[in-house]
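*Asks:* Got a structure here, written out as structure tokens. Questions coming.
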Amino acid sequence: MSVSRRAVLGAGVAAVPVLSSGFAWATGGELRVTDPGAYISFTGGAFSLVGAPVVVSGADHPGVVRGAGDLRDDIERVTGVRPGSTIAREAVLIGTIGGSPLIDGLVASGKLDVTGVRGRWETSLQTVVEQPMPGVERALVIAGSDPRGTIFGTYDVSYGIGVSPWYWWDDVPPVRRERVYVLPGRYTQGTPAVKYRGIFINDENPALGTWAPAYFGPGKAPGFPGGFNADFYAKVFEVLLRLKGNYLWPAVWGRAFAEDDPENHRRAAEYGIVMGTSHEAPMMRGIEEWNRHATPAVRDSSGAIVTPGHDPYGGTGEWSYRRNADAVKAYWRAGIQRMVDQGFEGVVTLGMRGNGDTSLPDGDGIELMQEIITEQRKIIEDVTGKPAAETPQVWTLYKEVQRYWDRGLRAPDDVTVVLTDDNWGNIRKHPDPGERTRSGDYGLYYHFDYVGAGRNYKWVDTANLRNVWDQLHQAHAYGNHGLWVANVGDLKGNELPTEFFLNYAWNPGSRPLERLGEWERSYARQNFGEAQSGEIASVLAAYGQLQARRKPELLNRRITVVDGRVVYDDQQTPFYFAHRELERVTQEWKGLAREADRIARRLPAGVQDAWFELVGYEVQATANLYAMREAEFTNLLYAAQGRAATNALAAQAQTGLEKDLALADRFNSQVANGKWEGFQTQPHIDYGDVERYGPSAGWQQPEKDDVALPDVLFPAVRRIEVPSGAELGVAVDGSQDAEAWWPGGRPGDPVLPVFSPYQTRPQQYVEIFNRGRTPFPYRIGTSAPWLRVDRPSGRVEQQVRTEVRVDWSRLPEGRSEASLTVSGAGASVTVHCVAEKPSPRGLRGFVEAGGYVAIDAEHHDRAVGEWRRIDGIGRTGAGMTPWPVTSPRRSPGGSSPRLEYEVTLLTPGQVTVWAYVSPRNPALPTGGLSYAVSFDEDAPRTVGINVGADDGALNTTWARNTSDNVNRTATQHLIAAAGVHRLKFWTVDPTVVLQRLLIDTGGLPETYLGPLESRRL
């Protein structure tokens, strides 16, 4: 036995003896690829972890040594027993093949079989070995193919015994266990499918930028922002490694990773994290470094710089390669030199964008960008002394940069070309199957947080896991395996999509569509225990779908642009009063909040903080925001109609704002004894006030949620003076504007929407309201026995809603008309009603009613070809997509793939078919995504869903579609005769996801989500 040396040790982890043995007995058996921690048992097994020391060689990588210390901490968290660190009769042995004398001795002696692990990238082995060395009867061996493989294997054991990756970030306590075992066999989690897998901490003000300096202290150098130091990043590195990630773009808003704490890069190397920089920060230099040190340039009469910068780590003059190349190149050279001098592992970003995440001020000429990339690679070779291909590099095609690629510019073959989404979770480009494979492969930059048009979304997690799965599946299927990074904003708040993103990048095959629910249950189980994991998973799935309808930041007055100027209408909202849409959507959120609250009451006290941080806050706060908005928008309508209930709704909206602030205060001051003070500070209400904040208010966040304005809620509610007397007012179902009330509002009589036995709309109603403070009795009379109301008489204090029904057994076939007479306060209003009762003979499929047919995509009668149903991807239900996603473009017609829907149309003539599809981009080289529609045997009509795209850029049409999370397109068709018809939706391009089909025969109401699905016979 000899003692190894190690210059750098993880905190609190001591060097341990290096052991060797001459035994020749080997452990064999099949190497089994498992889900994380699947070899751990709490009932029995081949090896007990309780009390077993965790032993690691000090000669191993410092990240391995540190990880072994974390495993000791984790075992103590779970069992209450602290493992030792020196050898014993039963021990956990951790090390890297080729880097640990401890592990290499076991391999050399034949005790450890590393077949299938040795030589791979970031691969680990967990196996129980009998009599591995003298004095040791049994050992759990965790061996990695490289240091990160060992680290991942170690943390996999932690995951298996029940320690959440978010134990620190979300205060998740593990379930206490008296017995913890490892099952017999040889286990691995395989080799990651994506080589580099990471996150981008971004848009970190105000939440993370407020909390981190308070928690981690001031900056390490005068004038530099605090908080984002090596201690902060250590927490980021650890959770990243626990999630099997290996790559980081550090925070950039006024921050410089290398300068905010000189220890940051060394700490990354110690943990084994690969460092990168974002798409706007080339050559391992954050743009903030240039901004901090930039000195004014002195130029001669020709414009040439005559006074170079004195600070090689700072900029001089303008951030322009065309006009200031020498200073820019010197700046880049210093970045590569720092990487070499400090010895950290990095992936170098190539290319150049404008200062401040903008397009390049020098223009977008291909020759200029080619010159920039060529010069950058020359710098890499000069500084490293190696061919450029030996230094990992990426070129990220973000926003306008994709145009270079589209116009033919190609980076050298060894460079990883990072393709991107559109900032809203829809990938813009896949690798072209027609181009040759790149040795540098492709990458993906994906967003769970964003600042920009159509609006910032930074407050809470709004990712729909089904949509994320679809997009990641496409990326993997099209051969994108080089580097994936997700913009996670503040990180805290986007835990679920972050974990799924990194899980999927590791092993897409273990995350098929049919296992998404299982993944959500596993996530719930890991963080909250087994008992309610199924119910919690259901809440998570419902939450993701509801949030994907529209970001919370977009729940305000409708924004439009007129002649380049942003304007708005205080009385409009994305959700409509028609079909009770705003009411129904709000009730769904309230129902989800009640379910979340029910679950919370049944959870143990020890996990209440974790629950609030991971689920409770985002559900309750979003549901409250919807309730507040419903009260606010209804208040604006009522104020315009002079309703007595107006001021009560203003008070209700104000109460909602107070609850919003109270929930944030609980997060900041009560959870985890105030650990997260200042974190929940992200504005999410006060968007859209152009008059106050200027034109960018259409998308940019306000400085804060405005609660200081006297006696108003923003956007402003209205309070009115209600007269002392009594005055009758009547409104009917579907009324959603200021004049839609009677007898004093709109001329003529109110008319209810047409009744039909085949409608599935919410029950129609009449509202009787008071425009004064004195209550009055009311009475409703009907002119026909088939027309009924549920509250024909009563007393109105502020208002009464009475539902109107048709007794279909008393109604003849055909069209019938009747009326209601509403009397009260000395006035009366006649409400006209029409009911249509078609003959039931010959009706099949979805039946027209009220002038439309609404169909959810999954309810087809026939599917020709291969299709896949993705439950929950639609705004109201499932989606249907052609399968596989790599199938070729098709010409519609004949026997080509299609979905068929049987419908009964009662109205011949011209009809419009609206297809609601997910807002996908033309990610394939086909000139845009298309589908086709036809009726019966008519020729299919092909529709391009990306019409209006500006050279693949992100424009106003894209902004509308992504904000609405749907792309609506229409075709016109002539229906020669009423009766049964077959509506066909044809595949043209893969990756199109159909959510709904709406047939407008002349009465389709204006709604955000579309009316409820029609009745199907």
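*Asks:* Suppose we filter region 86-123 for residues that are in a loop (DSSP other than H, G, I, E, B), more than 18 Å from V180 (Cβ to Cβ) and of a type outside the set (V, I, T); how many remain?
*Replies:* 14
*Asks:* I'd like the full set of residues that are at pLDDT below 90 and crowded, with 16+ Cβ neighbours inside 10 Å, limited to region 734-754.
*Replies:* G734, S735, Q736, A738, G745
*Asks:* It is to be established whether one or more residues within region 365-373 are in contact with a helix residue (DSSP H, G or I) (Cβ under 6 Å, 6 or more places away or on another chain) and closer than 30 Å to G63 by Cβ.
*Replies:* Within region 365-373 (the criterion being in contact with a helix residue (DSSP H, G or I) (Cβ under 6 Å, 6 or more places away or on another chain) and closer than 30 Å to G63 by Cβ), the answer is no, since none of the residues qualifies.
*Asks:* Additional query: Report yes if some residue within region 176-192 is more than 24 Å from A524 (Cβ to Cβ), within 26 Å of the chain's Cα centre (by Cα) and not β-branched (V, I, T); otherwise report no.
*Replies:* yes
*Asks:* Looking at region 170-210, which of its residues are in contact with a Pro (Cβ under 8 Å, 6 or more places away or on another chain) and of a type in the set (A, V, I, L, M)?
*Replies:* Result: A193, I201.
*Asks:* Let me ask another. Quick one: K244 ticks every box in (1) out of contact with any helix residue (DSSP H, G or I) (no Cβ under 9 Å at 6 or more places or on another chain); (2) at positive phi except a single one, so which number is it?
*Replies:* (1)
*Asks:* Determine, yes or no, whether I273 is modelled with pLDDT of 90 or more and either farther than 24 Å from S359 by Cβ or in contact with a strand residue (DSSP E or B) (Cβ under 7 Å, 6 or more places away or on another chain) (or both).
*Replies:* yes
*Asks:* Something else now. From G734, G744, G748, which residue is assigned to a loop (DSSP other than H, G, I, E, B) and farther than 30 Å from W808 by Cβ?
*Replies:* G744
*Asks:* Search region 755-803 for residues being part of a loop (DSSP other than H, G, I, E, B) and acidic (D, E), and hand back the single one that is surrounded by the fewest Cβ atoms within 10 Å (Cβ to Cβ).
*Replies:* Restricting to residues being part of a loop (DSSP other than H, G, I, E, B) and acidic (D, E), the top hit is D790.
Residues are listed down the side, and each one gets a yes or a no for (1) basic (K, R); (2) at pLDDT 95 or above:
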{"position": "F935", "(1), (2)": "no, yes"}
{"position": "D951", "(1), (2)": "no, no"}
{"position": "T956", "(1), (2)": "no, no"}
{"position": "H973", "(1), (2)": "no, yes"}
{"position": "G979", "(1), (2)": "no, yes"}
{"position": "R982", "(1), (2)": "yes, yes"}
{"position": "P1005", "(1), (2)": "no, no"}
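*Asks:* Now a separate question. Which condition number in (1) under 20 Å from R176 (Cα atoms); (2) at pLDDT below 95; (3) under 34 Å from the mean Cα position of the chain (by Cα) is the one that D35 fails?
*Replies:* Among (1) under 20 Å from R176 (Cα atoms); (2) at pLDDT below 95; (3) under 34 Å from the mean Cα position of the chain (by Cα), the lone unmet condition for D35 is (1).
*Asks:* Confirm whether S809 is farther than 27 Å from A639 by Cβ, free of Cβ contacts under 8 Å to residues at least 40 places away in the same chain and either crowded, with 18+ Cβ neighbours inside 10 Å or in contact with a Pro (Cβ under 9 Å, 6 or more places away or on another chain) (or both).
*Replies:* So S809 does not fit the description; no.
*Asks:* Something else now. Return a yes/no flag: does region 409-417 have any residue that is small (G, A, S) and modelled with pLDDT of 95 or more.
*Replies:* Scanning region 409-417, I find at least one residue that is small (G, A, S) and modelled with pLDDT of 95 or more, so the answer is yes.
*Asks:* Could you give me the residue pairs with C-beta distances under 6 Å whose first residue belongs to region 428-446 and is without any contact (Cβ under 8 Å) to a residue 12 or more places away in the chain, whose second residue is surrounded by fewer than 22 Cβ atoms within 10 Å (Cβ to Cβ) wherever it lies, and which are 6+ apart or on separate chains?
*Replies:* Here the result reads none, with nothing in region 428-446 linked to a residue that is surrounded by fewer than 22 Cβ atoms within 10 Å (Cβ to Cβ).
*Asks:* Further question on the same structure: Which condition does E618 not pass, out of (1) without any contact (Cβ under 8 Å) to a residue 40 or more places away in the chain; (2) buried (at least 21 other Cβ atoms within 10 Å of the Cβ), if it passes all the others?
*Replies:* For E618, the failing item is (1).
*Asks:* I'd like to know if region 758-766 contains one or more residues that are over 30 Å from E817 (Cβ atoms), at pLDDT below 95 and of a type in the set (D, E, K, R).
*Replies:* Looking for residues that are over 30 Å from E817 (Cβ atoms), at pLDDT below 95 and of a type in the set (D, E, K, R), one finds none in region 758-766, hence no.
*Asks:* Something else: Could you pull out every one of the helices (runs of 4 or more DSSP H) wholly within region 204-291 that has 2 or more residues that are of a type outside the set (G, A, S) and over 26 Å from the mean Cα position of the chain (by Cα)?
*Replies:* 207-216, 257-260, 264-271
*Asks:* Looking at Q587, is it closer than 29 Å to V732 by Cα, modelled with pLDDT of 95 or more, over 21 Å from the mean Cα position of the chain (by Cα) and surrounded by fewer than 21 Cβ atoms within 10 Å (Cβ to Cβ)?
*Replies:* Judged against the criteria, Q587 is a match.
*Asks:* Among the residues of region 43-64, write down those that are closer than 23 Å to I273 by Cα, in a loop (DSSP other than H, G, I, E, B) and among the hydrophobic types (A, V, I, L, M, F, W, C).
*Replies:* A59
*Asks:* For region 823-932, which strands (runs of 3 or more DSSP E) that fit wholly inside it have 3 or more residues that are within 21 Å of P1011 (Cβ to Cβ) and more than 27 Å from the chain's Cα centre (by Cα)?
*Replies:* Of the strands (runs of 3 or more DSSP E) lying wholly inside region 823-932, those with at least 3 residues that are within 21 Å of P1011 (Cβ to Cβ) and more than 27 Å from the chain's Cα centre (by Cα) span 827-837, 852-856, 898-905, 909-917.
*Asks:* List the number of the failed condition for Q608; all other conditions in (1) under 18 Å from Q526 (Cβ atoms); (2) surrounded by 17 or more Cβ atoms within 10 Å (Cβ to Cβ) hold.
*Replies:* Exception for Q608: condition (2).
*Asks:* What single numbered condition from (1) in contact with a strand residue (DSSP E or B) (Cβ under 6 Å, 6 or more places away or on another chain); (2) within 30 Å of A477 (Cβ to Cβ); (3) buried (at least 23 other Cβ atoms within 10 Å of the Cβ) fails to hold for T971?
*Replies:* Of the numbered conditions (1) in contact with a strand residue (DSSP E or B) (Cβ under 6 Å, 6 or more places away or on another chain); (2) within 30 Å of A477 (Cβ to Cβ); (3) buried (at least 23 other Cβ atoms within 10 Å of the Cβ), the odd one out for T971 is (3).
*Asks:* A further question on this structure: Which residue pairs have Cβ atoms under 6 Å apart, sit 6 or more places apart or on different chains, and have a first residue in region 324-346 that is on the phi < 0 side of the Ramachandran plot and a second that is small (G, A, S)?
*Replies:* Cβ pairs passing all conditions: N324/G317; A327/G309; A327/G317; Y331/G315; M339/G346; F344/A268; F344/A269.
*Asks:* If you check E803, E817, E836, which single one turns out to be touching a residue at least 60 places away in the same chain (Cβ under 8 Å) and among the charged types (D, E, K, R)?
*Replies:* Checking each option against the conditions leaves just E836.
The values are calculated or read from the model by the stated rules, or taken from the named source; none is laboratory data. All values reported here derive from a predicted model rather than from experimental measurement. Don't worry about glycine lacking a Cβ; one is built from the backbone with ideal geometry, like all the others, and counts go over all protein chains shown.
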